[in-house]
Structures are given as structure tokens and as C-alpha cells.
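Okay, structure first, notes after.
Nothing in this text is a laboratory measurement; each read-out follows from the coordinates by a stated rule. Since the structure is predicted, the reported quantities are computational estimates derived from the model, not experimental observations. Cβ atoms come from the backbone with ideal geometry, glycine included; neighbour counts cover every protein chain shown.
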Amino acid sequence: MISKEMTKRLNQQITLEMYSSNIYLAMSGWCAYNGLNGSASFLKNHSKEELSHAYKLFDYISETGGLAEVDTIEKPNNSFKSLHEVFEATYKHELIVSKSIFELVDFALNEKDYSTFNFLQWYISEQHEEEKLFKEILDKFEIIKTDGRGLFMIDREIGQLAN
Ligand code: OFO
């Protein structure tokens, strides 16, 4: 059985993961609209992954006797100046998610809630992978300039990450 406060915090994380999913879906729409199909498909896949992060929390709360709740999800940004701006936003967002996970881990440890502490380890590894992934994509923008042919190449590379 998890505490009421832990449940509340995990529910807030569900909302954040769902917001992440919507952020990436909105980005995918913008990319598709601008003919950047590789990035559109990568971001749509990522949006689905974020939903699975939310469901994992949802199930954990239910399994431990808490009430898993669904809250209002803030509207994401739907318009961007460039593909580079899109991926700068993804990286920044993942840093926010990591911070939120670390706060949950701290809280679980302080409460001596070792079950939740253990459950959250998966999210720590996941955040490490995601920060790495988005940082690598951002680095590509430094290597490949995004004018004309460069933009085509970078979109194709990002599309390959979707598979
Ligand atoms: Fe991309 O973050 Fe979920 O956990």
C-alpha cells in the first residue's frame, strides 16, 4: 500500500508523461506538415512510448492499492520555427522529466517506500537513454548543417532512429 502523498505524486507524473506524449505528437504533426517525414515518424513513435510510461505508472498505482487518476493535460506547442527548434525543445523537456523522476525517487526514499523506489529505477534508466538519444540528435544538427540537402539528410537519419 502506498501513501496518499506518494500516490498524488505518481499521479502527477502520469499527467507529465501524457503531456510528453502530446508534445511529441504535436511535433510529429508539424514535421509531417513540413514534409519532414523521417522526424514525423520518429516523434510519433516516441509519443506512443511516452503513453506507455504513463500506463506503467497507472498500473503500478492500481496494483499497490492507490487510485490512479487522469487529470487535465496542458495544450502543447503546435508550431515551430525549424526542425532544430523542435529537437532543442525535446531535449529541454526530457531534462524536466528527469528532474521530476529524481524528485519522486527522493521522496520514495525519504518515506522508506522501497517498493516505489525500486519501481522508479526503470524510469531512471529510461531517462538516461532518452537524454542520450535527444542529445545525439542535437549533435547531428551541429555536424550536418540544416540548409537544403543537409535538412534532408538529417531528417532521413532521424527517421532511421524510428525503426
Ligand atoms: Fe521521455 O520521458 Fe517518459 O519517462
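Answer with one residue from ALA68, MET153, ILE124: the one whose Cα lies farthest towards the positive end of the charge dipole of the chain, charges on Cβ with Lys, Arg +1 and Asp, Glu -1.
MET153
When the expected Rg is taken as 2.2 N^0.38 Å, what fraction or multiple of it is the alpha-carbon Rg of the range 4-161?
Relative to the 2.2 N^0.38 Å estimate, the range 4-161 comes out at 1.13.
What dipole magnitude, in Debye to the nearest 20, does the range 4-161 give about its Cα centre under +1 on Lys/Arg Cβ and -1 on Asp/Glu Cβ?
400 debye
Using a Cα-Cα cut-off of under 18 Å, which lysines could be cross-linked to LYS56, ignoring same-chain neighbours fewer than 8 residues away?
Output for LYS56: LYS8, LYS48.
May I ask which residue of LEU57, ILE137, SER98 lies farthest towards the positive end of the charge dipole of the chain, with charges of +1 (Lys, Arg) and -1 (Asp, Glu) on Cβ and the Cα centre as origin?
ILE137
In a GNM of the chain with a 10 Å cut-off on Cα contacts, which of SER41, SER20, SER115 has the highest mean-square fluctuation?
SER115
What does the highest-first list of 25-34, 102-111, 73-82, 51-60 look like by mean Cβ count within 10 Å?
Descending mean neighbour count gives 25-34, 51-60, 102-111, 73-82.
To the nearest 10 degrees, how steeply does helix 37-63 sit against the main Cα axis of the chain, on a 0 to 90 scale?
The two axes meet at around 0 degrees.
Can you give me the relative contact order of the chain as a percent, contacts being Cα pairs under 8 Å and 6 or more apart?
Reported as a whole number, the value is 31 percent.
Along the positive direction of the dipole of the chain (beta-carbon charges: Lys, Arg +1; Asp, Glu -1; about the Cα centre), which of ASN45, ASN78, LEU109 reaches farthest?
ASN78
Helix-only mean residue ellipticity at 222 nm, the chain, DSSP H runs n ≥ 4 weighted -39,500 (n - 2.57), per residue, nearest 500. What is it?
Roughly -28000 deg cm²/dmol at 222 nm, from the helical runs in the chain.
What distance in nm separates the two pseudo spin-label positions at LYS112 and GLU142, each 7 Å out from Cα along the beta-carbon direction?
Using points 7 Å along Cα→Cβ, the separation is 4.6 nm.
With the crude spin-label approximation of a point 7 Å out along Cα→Cβ, what separation in nm comes out for PHE102 versus LYS8?
2.4 nm
To the nearest 0.05, what FRET efficiency results for LYS48 and VAL70 with a Förster distance of 25 Å applied to their C-beta separation?
Efficiency computed from Cβ-Cβ geometry: 0.90.
Could you work out how far helix 4-33 tilts from the main Cα principal axis of the chain, as a 0 to 90 degree angle to the nearest 10?
It is inclined by approximately 10 degrees.
For helix 83-110, report the angle its Cα long axis makes with the longest principal axis of the Cα atoms of the chain; keep it between 0 and 90° and round to the nearest 10°.
10 degrees
Report the FRET efficiency, 1/(1 + (r/R0)^6), for ASN34 and LYS56, where r is their Cβ-Cβ distance and R0 is 45 Å, rounded to 0.05.
0.90
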